[in-house]
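This report refers to the structure that appears directly beneath it.
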Amino acid sequence: MLANEEVTNEGRSDRGNHPVFRRPMKQWMMRITAYADRLLADLDRVDWFESVKLMQRNWIGRSEGAYISFATDAEPGSSGSAMSNANRSGSAIEVFTTRPDTIYGTTAMLLAPEHPLVDELVADEWPADTDPRWTGGAATPREALHAYRAQAAAMTDLQRQTERDKTGVWLGLNCRVPTTGEPVPVFVADYVLIDYGTGAVMSVPGEDQRDWDFSVQFGLPIMRTVQPPPDFDGEAYDGPGLAINSDFLNGLGKDDAIDAICDWLEERSCGRRTVTYKLRDWLFSRQRYWGEPFPIVFDETGLPLAVPEAELPVELPELIDWAPRALDESSEPEPPLGRATEWATATYDLGDGERAYRRELSTMPQWAGSCWYYLRYLDPANDDTLVDPEVERYWMADPDGGVGGVDLYVGGVEHAVLHLLYARFWHKVLYDLGHVSGPEPFGRLYNQGYIQAAAYQDSRGVYVEASEVTERGGKFFWGDAEVTRHFGKMGKSLRNAVTPDDIYSAYGADTLRTYEMFMGPLDQGRPWETHSVIGSHRLLQRVWRSLIDEQTGELTVADVEPDADLERMVHRTIDAVTDAMSDLRFNSAIARITELNNELTRRGGATPRSVADVLVRLLAPLVPHLAEELWSKLGNTTTVVYAPFPLADPAMLAAEVIEVPVQVNGKVRSRITVDAGISPADLEAAAKADDRIAQLTAGADIRRVVTVPGKLVNIVLS
RNA sequence: GUCGGAGUGGCGGAAUUGGCAGACGCGCUAGAUUAAGGAUCUAGUGCCCGAAAGGGUGUGGGGGUUCAAAUCCCCCCUCCGACACCA
């Protein structure tokens with residue numbers, strides 16, 4: 001059992017890539033749609049990437065619009081049964097539209113093939129002179145409908161998405177546009193989705209391209225009801241404009257026209273304003289073994305009852321064989337827990353004495369636990385309650401009145417509309433019940449990029465083991481065979497996985513951490529290069545040798561003060577690393593630490609103790625093991641974790657003398673060394689006095705001199 | 001198709017606000033050290049011309065704004081990701 005979002009575009013399961021069959025079943029649902037508006041509104045209050053917020057907004061898919069009823073014609077001459085005639089005459093079709101202002105342009109009514117009214121409405125015979133395009137070549141509307149449904153059902157979702165030519169069949173009857181009473185034909189068309197809105201749409205070709213395409217296909221008239229701009233040369237026009245051909249709406253702008261028509265429809269009870277969502281309720285049952293069992297039992301009448309709190313939790317039974325039996329399209333789905341025959345029946349006193357009940361055999365999806373684990377982490381040993389309220393407030397509440405939640409949540413974008421939406425919903429429910437102090441689970445979210453790896457295919461397109469491929473002269477070979485390279489997610493199918501264990505044993509965990517953080521920006525995908533890991537390993541070795549004599553293992557740190565240059569460099573490094581770390585730019589932080597250590601290597605000799613101390617504390621968040629060892633060697637008796645991060649002294653950041661480039665016409669021609677606090681006038685004079693600059697400007701007409709204190713001088717000649 | 005992100009040396013990438021493009025690392029070249037190899041250390045390394053000094057050119061392509069553009073504006077191209085007939 002899968003939710004829609006667990007099915008891939010190819011119509012297979014997201015996990016395991018198994019074929020998926022559609023089957024109607026009775027299932028537990030979570031009413032996440034009741035929270036749709038709050039899930040949408042609170043996105044404005046969290047510090048997340050705009051792209052993820054957008055994905056959630058699109059997934060929730062809030063649309064304002066109107067339901068409108070279209071009365072159907074029961075053809076007096078129809079030879080339908082008394083029963084179906086009775087139904088038909090009473091049936092109105094309700095549509096959902098975001099553009100009720102375009103109703104005067106309606107030229108057809110379209111129903112999804114699965115729409116429940118279709119069978120009631122379909123006529124028994126084609127009227128005389130029916131357009132042959134409308135019949136699908138069938139002798140009667142009913143036959144046309146059956147054939148069309150069979151054809152739609154045979155198509156996979158992928159085909160339905162790529163096959164965009166509009167198709168459909170006429171049901172052999174008309175309905176009436178409520179504003180005009182005009183008859184328009186009722187079609188079944190598979191581009192209308194049963195899952196969205198009411199499963200029926202009014203076809204307005206003038207303002208909707210899909211309807212335009214359909215109308216062209218079926219020879220239906222097209223009339224604009226919104227005036228496009230004069231230079232518009234497209235087909236359907238859905239932009240802003242004044243209403244035309246629309247009776248009392250004529251001359252109104254879009255919003256005013258929508259208001260006016262909604263008032264009109266509501267006064268006559270044939271329509272009403274509404275809001276719909278793309279978001280569906282959350283299907284919460286799974287026919288799997290590994291999942292939390294539902295604390296629900298059924299009595300003999302099939303009434304579901306909650307297991308009393310004192311009996312919680314309901315735990316999974318031990319099952320020897322819980323693997324799903326092979327299922328195909330024709331087999332009856334069976335939950336694995338159905339095999340735990342003893343467990344499946346439970347005895348409880350639910351108010352009228354001890355009685356036997358049947359347990360719910362479905363389990364919860366994997367998302368059930370990931371919706372609240374971060375709360376449980378706050379107070380994991382607490383057996384009485386989810387989380388102690390005081391503990392929860394300490395960790396999760398925002399003293400500045402924000403939404404609170406986890407301070408920084410790092411994860412992949414693949415959870416943008418699954419875990420991250422479910423957890424927000426769950427948290428809001430807990431918030432409403434008073435169990436948590438804020439409305440959002442994750443105040444700040446950061447999405448790290450995927451690390452990709454090179455994958456290689458031979459001439460047949462078969463993937464070969466990436467670690468066995470060698471590069472010669474810009475080409476890649478597996479044995480003697482040339483192979484082609486591309487980059488993809490690490491994994492078995494591309495045969496390009498690099499396991500952390502191998503890197504640990506070759507270089508250690510600190511090196512792996514350093515390399516991963518140094519590869520590039522955290523939020524971007526980057527290619528893994530095993531041969532580059534050595535660079536991070538060298539850095540750590542060089543740091544070690546800056547502080548420790550490799551031969552003796554003795555500390556080589558000296559109790560001397562660093563000279564002014566080194567002191568300034570230390571503070572500039574602290575400043576830069578602090579900035580980079582708070583922005584999660586770890587690659588830059590590591591680069592700056594490397595520069596400081598390179599300077600120590602260049603100088604040779606013993607490292608001043610204060611510099612060694614700073615170096616180790618800067619490194620501690622990145623390489624905890626190495627830093628802890630060095631910290632202890634420096635004579636500290638407590639862990640470096642409790643040592644404060646170094647603070648830069650602002651007075652030490654500015655150099656006394658600086659080198660300033662001098663440009664002539666925007667090109668750097670020389671550099672001058674000046675006091676840091678030099679005035680612009682003196683800076684300009686110093687630039688002009690420079691030998692090379694004097695040479696280049698001699699006899700030329702200086703039109704302008706731009707001096708940027710501390711940055712540069714640009715002399716513009718005419 | 002729509003939305004989002006990104007294009008900088010041989011490679012990964014740096015460049016808070018327009019102000020020295022290429023920090024840092026990999027790789028490569030040369031030297032020191034070494035019995036040798038590895039490791040280590042030092043120097044060099046965008047491209048073109050030049051012995052050098054120096055000059056030209058250069059951040060996907062084209063145009064623009066500016067004394068000055070990887071950075072701002074307009075048009076185009078390519079790659080990656082998400083969604084996919086949502087009425």
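Quick look at the values:
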| item | result |
| --- | --- |
| Modelled FRET efficiency - R0 22 Å, A:Trp28 with A:Thr274, Cβ distances, 0.05 increments | 0.25 |
| Estimated 222 nm signal from helices in chain A, with DSSP H stretches of n ≥ 4 weighted -39500 (n - 2.57), rounded to 500 | -8500 deg cm²/dmol |
| Net length gained if the chain between A:Val391 and A:Ser467 were fully extended (0.36 nm per residue, minus Cα distance) | 22.5 nm |
| DSSP-loop GluC sites (Glu not before Pro) across region A:620-718, with at most 10 other Cβ within 10 angstrom | A:Glu656 |
| Listed pairs A:Lys53/A:Lys166; A:Lys166/A:Lys278; A:Lys26/A:Lys53; A:Lys254/A:Lys278; A:Lys166/A:Lys489 exceeding 30 Å between Cα atoms | A:Lys53/A:Lys166; A:Lys26/A:Lys53; A:Lys166/A:Lys489 |
| Projected area, mean over directions - region A:114-264, Cα convex hull, nm² | 10.4 nm² |
| Residues listed by number, region A:641-659, amide nitrogen under 19 Å from A:Lys711 label point at 7 Å toward C-beta | A:654-655, A:658-659 |
| Packing-based exposure ordering (other Cβ within 10 Å, fewest first) of A:Thr573, A:Thr106 | A:Thr573, A:Thr106 |
| Eligible lysines near A:Lys667 by straight Cα distance, threshold 20 Å, same-chain separation 8 or greater | A:Lys688, A:Lys711 |
| Pairwise centroid distance, computed over Cα atoms, of region A:251-296 with region A:27-48, Å | 14 Å |
| Charge dipole magnitude, Cβ of K and R +1, D and E -1 - chain A, Cα centre, debye nearest 20 | 1880 debye |
| Positive dipole terminus of chain A, leading residue within A:Ser370, A:Ile261, A:Thr135 (C-beta point charges) | A:Thr135 |
| Gain upon complete extension [A:Ser632, A:Asp583; 0.36 nm per residue less C-alpha separation] | 14.7 nm |
| Residue order, fewest to most beta carbons within 10 Å, for A:Lys53, A:Lys667 | A:Lys667, A:Lys53 |
| Length-normalised contact order for chain A - Cα pairs under 8 Å, 6+ apart - percent | 9 percent |
| Stretchable slack from A:Asn245 to A:Glu554, in nm (0.36 nm times residue separation minus alpha-carbon distance) | 102.0 nm |
| Cβ-Cβ FRET estimate between A:His625 and A:Asp432, R0 fixed at 41 Å, reported to 0.05 | 0.40 |
| Most positive-pole-ward Cα, A:Pro313, A:Leu696, A:Ala236, against dipole of chain A from beta carbon charges | A:Leu696 |
| Value of D in µm² per second that Stokes-Einstein yields for chain A, Kirkwood Rh from Cα pairs, at 4 °C (1.567 mPa s) | 39 µm²/s |
| Shape call, region A:506-655: gyration tensor on alpha carbons, a/c limit 1.5 | oblate |
| Kyte-Doolittle at least -1.0, axis length at least 18 Å by Cα - qualifying DSSP helices, chain A | A:141-154, A:254-267, A:419-432, A:533-547, A:564-582, A:586-603 |
| Region A:657-717 - Kirkwood radius from inverse mean 1/r over Cα pairs (Å) | 11.2 Å |
| Burial ordering of A:Cys371, A:Cys175, A:Cys270, fewest other beta-carbon atoms within 10 Å first | A:Cys270, A:Cys371, A:Cys175 |
| Dipole magnitude of region A:657-717 about its Cα centre (Cβ charges: Lys, Arg +1; Asp, Glu -1), debye to nearest 20 | 280 debye |
| Positive-end residue, chain A charge dipole about Cα centroid, Cβ charges, pick of A:Pro304, A:His537, A:Met396 | A:His537 |
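Coordinate-derived values only; no laboratory data. Since the model is a prediction, treat every value here as computed from it, not as a measurement. Every residue, glycine among them, receives a Cβ derived from its backbone with ideal geometry; neighbour counts consider all protein chains shown.
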